[in-house]
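Novice: Attaching a single structure in structure tokens format; questions to follow.
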Amino acid sequence: MNRPLLAIVFLDLDDVLCLNTTVGGYDAILAVNGRHSNPGVVYRDLFDPGACGVLKRVHDSFGGELRYVVSSTWRESLGREQMATVFKASGLGFVAKALEPGERWCTPAKLGRRRRADEIAAWLDQHHCGEPFVIVDDTYSGASLEPALTLQDHPFHRRLVLCRETEGLLDHHAQTMVDALSRPINSPY
């Protein structure tokens, strides 16, 4: 029996979930590798509770049937299991559980310093089977995605949430995410 294709969330971390107010990605890398003096504080303070709440509500609105692909630069320093550990320890076990398997868990990191739009497009070229998707990024690292906000013929049009730096994922982003994750790929824009 074929399993239905589950929608995909391309998830950046900095300025989306991690606002870097007291701890950030470097602290997470140290903590997951057993080199931070207080990993409990790192995991407690790493992700913004409000942003996590928005992501959880979107996740739950799909009955927990979403998949996640990490598009953050954190993937350059952490492997899949380490990233899953960070998610679990920081209260995002639902993301850890739904991370894509194998090499599909993140966008390609070995592309050099390519634009975020190119990294996501490369992942889609390799692994996409027509599932609905949404890209959740921030205005700094996701600057190459901005044309998708206004160009109707852009392949990511109506599939993008760009969070403002230091603000992260907010309540008003949830509907855009739900709409993108509910919209079949071949539907007209």
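Novice: For T22 and E76, calculate 0.36 nm times their separation in residues minus their Cα-Cα distance, and state this gained length in nm to one decimal.
Specialist: Taking 0.36 nm per residue and subtracting the Cα distance, the gain is 17.3 nm.
Novice: Sticking with this one: Most mobile of A122, A96, A51 per a Gaussian network model of the chain (Cα springs, under 10 Å)?
Specialist: Residue with maximal mean-square fluctuation among A122, A96, A51: A122.
Novice: Which whole number of Å³ per residue matches the convex hull of the alpha-carbon atoms in the stretch 71-189?
Specialist: 122
Novice: Let me ask you something else. Taking the simple approach of a point 7 Å from Cα along Cα-to-Cβ for both C129 and R35, what is their distance in nm?
Specialist: My value for the distance between the label points is 3.8 nm.
Novice: Which of these, G130, G142, G102, has the largest mean-square fluctuation under a Gaussian network model of the chain (Cα springs below 10 Å)?
Specialist: G102
Novice: Let me ask something else about it. Count neighbours as other Cβ atoms within 10 Å of each site's Cβ, and list the trypsin sites (Lys or Arg not before Pro) in the stretch 24-63 that are DSSP loop with at most 14 such neighbours. All intermediate terms of the calculation are to be shown ahead of the outcome.
Specialist: Working: sites: R35, R44, K56, R57; in loops: R35.
Of the trypsin sites (Lys or Arg not before Pro), the ones in loops of the stretch 24-63 whose Cβ has at most 14 other Cβ atoms within 10 Å are R35.
Novice: While we're here: Between H172 and K97, what is the label-point separation in nm under the 7 Å Cα-to-beta-carbon projection?
Specialist: Taking the simple label geometry, K97 and H172 are separated by 3.2 nm.
Novice: Which residues does a label at A109 reach in the stretch 15-43, if reach means a backbone N under 16 Å from a point 7 Å past the Cα toward the Cβ?
Specialist: Once the point is set 7 Å along Cα→Cβ of A109, 25-34 turn out to lie under 16 Å by backbone N, inside the stretch 15-43.
Novice: Now a separate question. Apply the a/c threshold of 1.5 to the C-alpha gyration tensor of the stretch 28-133 and tell me whether it is rounded, prolate or oblate.
Specialist: Here the stretch 28-133 falls in the oblate category.
Novice: Compute for the stretch 1-84: radius of gyration divided by Kirkwood radius, i.e. Rg/Rh, restricted to C-alpha atoms, rounded to two decimals.
Specialist: Expressed as Rg/Rh, it is 1.02.
Novice: Let me ask another. Using all alpha carbons of the stretch 113-178, what is the percent of pairwise distances in each 5 Å bin, ordered from the shortest bin to the longest?
Specialist: Going from the shortest bin to the longest, the percentages are 3, 17, 26, 27, 18, 7, 1.
Novice: Something else: Expressed as a rounded percentage, what relative contact order does the chain have, with Cα pairs under 8 Å and six or more residues apart?
Specialist: Once divided by the residue count of the chain, the mean separation gives 29 percent.
Novice: Here is a follow-up. Of the candidates L162, L99, L170, which one comes out as most mobile in a Gaussian network treatment of the chain with C-alpha springs shorter than 10 Å?
Specialist: For the chain, modelled as a Gaussian network with Cα springs under 10 Å, the answer is L170.
Computed from the coordinates by the stated procedures, all read-outs in this text should not be read as laboratory data. The structure presented is a predicted model; accordingly, all values stated were derived computationally and were not measured. Because the Cβ atoms are built from the backbone with ideal geometry, glycine has one as well, and the counts that use them run over all protein chains shown.
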